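The values are calculated or read from the model by the stated rules, or taken from the named source; none is laboratory data. Values in this document were obtained by computation on a predicted structure and should not be read as measured data. Ideal geometry is used to build each Cβ from the backbone, glycine not excepted, and the neighbour counts take in all protein chains shown.
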């Protein structure tokens, strides 16, 4: 398992499109020569099953940092503040969280805010926001969605990071306009016990597989199943379900910081 400067040295040396999973729903992604972080989670908690794998100062090659929503393991205040101070990264975040980003030391000039269906062009990438229902949409009075996923396009490749979401009516239809090289989807599910204790849920492994099974996806990647006891899932269930119901589809389940080219 690579850590710190060694991890980013591998990212810098990679000459093709690739991703590195960091646990939970956190990734390093390299597309079109641009290196980015998605949902970096650096707060060191005793209950983490995967420790933070780098310090913000190690990430000086990161051009873009995407945050999907304001939960600790996605829009980590420590990670955002440290990256804002120690790197030149530009932040992509939901419009609903403008004040949150400002409070963490991200200036207006260093962030681009997106709502559902809105796109931006940064560093040769096109990034489109896709609303997520983290059990609920929780749309603001201004019409902003606080939970987001992102479609990232560069050099003829397309990647979808779902953020945290359940399968809502219209999600598959909205995503069907793209053909995805990689799709990163949560599979930890949801139930009354977790919801009662404040653990907001996501798709089950069956829902995640059925969502991607109805789309053009070259590589399906289950995520968000490993970090915290009491909110875990076995990714092999996703693999087996895909194999039976959507045979021939490629699925990746592997180790944190493993380089996966696509």
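Tabulated data for the structure shown
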item	result
Sole exception among (1) farther than 29 Å from residue 229 by Cα; (2) surrounded by fewer than 19 Cβ atoms within 10 Å (Cβ to Cβ); (3) touching a helix residue (DSSP H, G or I) at 6+ places or on another chain (Cβ under 9 Å); (4) free of Cβ contacts under 8 Å to residues at least 40 places away in the same chain for residue 100, by number	(1)
Filter pass, residue 24 being surrounded by 19 or more Cβ atoms within 10 Å (Cβ to Cβ) and at pLDDT 95 or above	yes
When residues of segment 108-129 are limited to those that are touching a helix residue (DSSP H, G or I) at 6+ places or on another chain (Cβ under 9 Å), farther than 29 Å from residue 208 by Cα and in contact (Cβ under 8 Å) with a residue 12 or more places away in the chain, the one surrounded by the most Cβ atoms within 10 Å (Cβ to Cβ)	111
One residue from 145, 180 being within 18 Å of residue 70 (Cα to Cα) and modelled with pLDDT of 95 or more	145
Residue among 69, 74 that is within 20 Å of residue 122 (Cβ to Cβ), touching a strand residue (DSSP E or B) at 6+ places or on another chain (Cβ under 7 Å) and in a loop (DSSP other than H, G, I, E, B)	69
Residue check for residue 5: outside any strand (DSSP E or B) and over 16 Å from residue 87 (Cβ atoms)	no
When residues of segment 234-262 are limited to those that are surrounded by 15 or more Cβ atoms within 10 Å (Cβ to Cβ) and farther than 27 Å from residue 30 by Cα, the one nearest to the chain's Cα centre (by Cα)	237
Residue selected from segment 8-35 under the condition without any contact (Cβ under 8 Å) to a residue 40 or more places away in the chain and either under 20 Å from the mean Cα position of the chain (by Cα) or not in a loop (DSSP other than H, G, I, E, B) (or both), by the criterion nearest to residue 228 (Cα to Cα)	28
Candidates 57, 93 - the one that is touching a helix residue (DSSP H, G or I) at 6+ places or on another chain (Cβ under 7 Å), in a strand (DSSP E or B) and modelled with pLDDT of 95 or more	93
Given (1) in contact with a helix residue (DSSP H, G or I) (Cβ under 7 Å, 6 or more places away or on another chain); (2) buried (at least 21 other Cβ atoms within 10 Å of the Cβ), index of the condition residue 8 fails	(2)
Lone unmet requirement of (1) touching a residue at least 60 places away in the same chain (Cβ under 8 Å); (2) surrounded by fewer than 21 Cβ atoms within 10 Å (Cβ to Cβ) for residue 173	(1)
Yes/no for residue 83 being in contact with a strand residue (DSSP E or B) (Cβ under 9 Å, 6 or more places away or on another chain) and either in contact (Cβ under 8 Å) with a residue 40 or more places away in the chain or within 20 Å of residue 113 (Cβ to Cβ) (or both)	yes
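Let's see how each residue does on (1) without any contact (Cβ under 8 Å) to a residue 60 or more places away in the chain; (2) surrounded by 15 or more Cβ atoms within 10 Å (Cβ to Cβ):
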position	(1), (2)
131	yes, yes
137	yes, yes
167	yes, yes
181	no, yes
195	no, no
204	yes, yes
210	yes, yes
214	yes, no
